[in-house]
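Rule-based calculations on the coordinates, nothing more; no lab input. Predicted model only: the values in this text are computed from it and were never measured. Neighbour counts are summed over all protein chains in view; Cβ atoms, including those assigned to glycine, are modelled from backbone coordinates with ideal geometry.
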Amino acid sequence: MRSGIYSYPATQRIIFGTPFDEAISKELETVGAKRVFVLASGSLFRQTDLVNQLKTVLGTKCVGVFHEMPAHTPRIAVFKAAQEAQLAQADLILTLGGGSITDAGKMVTLCMSNSIDSPQDLDRLATKVHADGRIERPEFIAPTVPCSVISTTLSAGEFSALAGCTDTVKGMKENFLHPKASPRSVILDPALTLHTPEWLWLSTGIRAVDHAVEDLCSINTQPISEATSFQALRLLGRGLRAVKKDPANLAARLDCQLGAWMSIIGSSAGVQKGASHGIGHVLGGTGGVPHGYTSCVMLPHVLRFNQSVNEAQQRLVSEALGDPHKPACELVSELVAQLGLPSTLREVGVKPEMLDLIAKHSMHDRLIHSNPRKIQGPEDVRRILDAAW
């Protein structure tokens, strides 16, 4: 007989299919915010009018806009944004953009509530994972300023209390977790995503596929995440193909957004992901590979590595993707190819001389140690990396 505990996330509202300006106006009334500090994607700031539209909606409540956050959310940029938000006496952090901006919003709220006085001071909030899998999670103060997210990609970090932030000195991406760090609200407007570059939209869609796949194949699945992950794969499989065929298809884009939301339910339930995510974090922080591309490259090979221990669970993945008689690793590879996305480490710029360092750093990611097939050491990671080369 199964047993367990499901804890609901701190997020209060997901607002989907509503124009973002209408949604944010209602949200400001609900929250009662008076001083809103905006974190916006640099590309959206430079190449579209969305930030100006958002400022118009906010009016005098907008007390600042930060648009200089690089990919993978480096500490120095997070600290700078937090200083500006603190000086502006912000009572709401509002993000507009993809995964790095979403992580930045969560990180800024943690910096503000914990009086972080330098990028190095973030050491005292970072989760530390030792090579043997031992995890140290420091205790710290929950965010005192809420965060709301207007999402433009499919990486799904907006539904999670976990934030990723890169220490560029160490060359490592680290995790920061407080159960109350989830954004207060998330706005999903498919029309906004027309501005998202195709490669970014589709690749972060595979990132969401990765969430759902590794949850379905996890060592500690939950009933609710089994159901939502299965439906996530159905929505994402058809939605991503439809957007590739017709980028203006807003119904398909909303399918993708809803699929991304459902793909991350397992994380809130404490379901542990595996090596595709664990290696992917290091490919991002150490190798500079975009989030979505890490999943395109690694997920098929991790599925193949794990097949001997969770074949029955992988059959659920195959069923959700439309062919229960074909191995999950092949179906994911086919989807990546159909979307025109990269499938090897070579294609995403990883040099062969980096592989040993990536394998070594991966042992310090907590999700390596919850992979369904036990990873004994860097040599196992290197074997997966070689397969993906």
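For A71 and L194, the difference between the fully extended length at 0.36 nm per residue and the C-alpha to C-alpha distance is 42.3 nm.
Checking the cross-link pairs K273/K374; K173/K351; K80/K170; K61/K180 against a 23 Å limit on the alpha carbon distance flags K61/K180 as lying beyond it. Cβ-Cβ distance of E330 and K61, R₀ of 35 Å, FRET efficiency by 1/(1 + (r/R0)^6): the value works out to about 0.10.
For A337 and M1, what is the calculated FRET efficiency with R₀ set at 51 Å and r taken between the beta-carbons, to the nearest 0.05? FRET efficiency, A337 to M1: 0.75. Between A242 and Q376, the distance separating the two model label sites (each 7 Å from Cα on the Cα→Cβ line) works out to 4.7 nm.
Sorting 353-364, 10-21 by average packing, meaning the other beta carbons within 10 Å per residue, from highest down gives 353-364, 10-21. Shown in residue order for region 101-117 are the 3J(HN,Hα) couplings computed by the Karplus curve 6.51 cos²θ - 1.76 cosθ + 1.60 at θ = phi - 60°: 6, 4, 4, 4, x, 5, 5, 4, 5, 5, 4, 5, 7, 10, 6, 5, 10 Hz (x for Gly and Pro). Model label points for E347 and R137, set 7 angstrom from Cα along the Cα-to-Cβ axis, are 3.6 nm apart. Per-peptide packing, taken as the mean over residues of other Cβ atoms within 10 Å, places 265-275, 150-160 in the sequence 150-160, 265-275 from highest down.
For region 349-376 versus region 251-299, the spacing of their alpha-carbon centroids is 16 Å.
Taking label positions 7 Å along the Cα-Cβ direction at both S25 and A387, the computed distance is 5.3 nm, reported to one decimal. Once the Cβ-Cβ distance of I219 and K34 is raised to the sixth power relative to R0 = 45 Å, the FRET efficiency obtained is 0.45. Hey, what number do you get for the chain at 222 nm if only DSSP H runs of n ≥ 4 count, each worth -39500 (n - 2.57), divided across all residues, to the nearest 500? That calculation yields -15000 deg cm²/dmol at 222 nm. Here the chain is assigned +1 on the Cβ of each Lys and Arg and -1 on the Cβ of each Asp and Glu. Its dipole about the Cα centre then comes out at about 200 debye.
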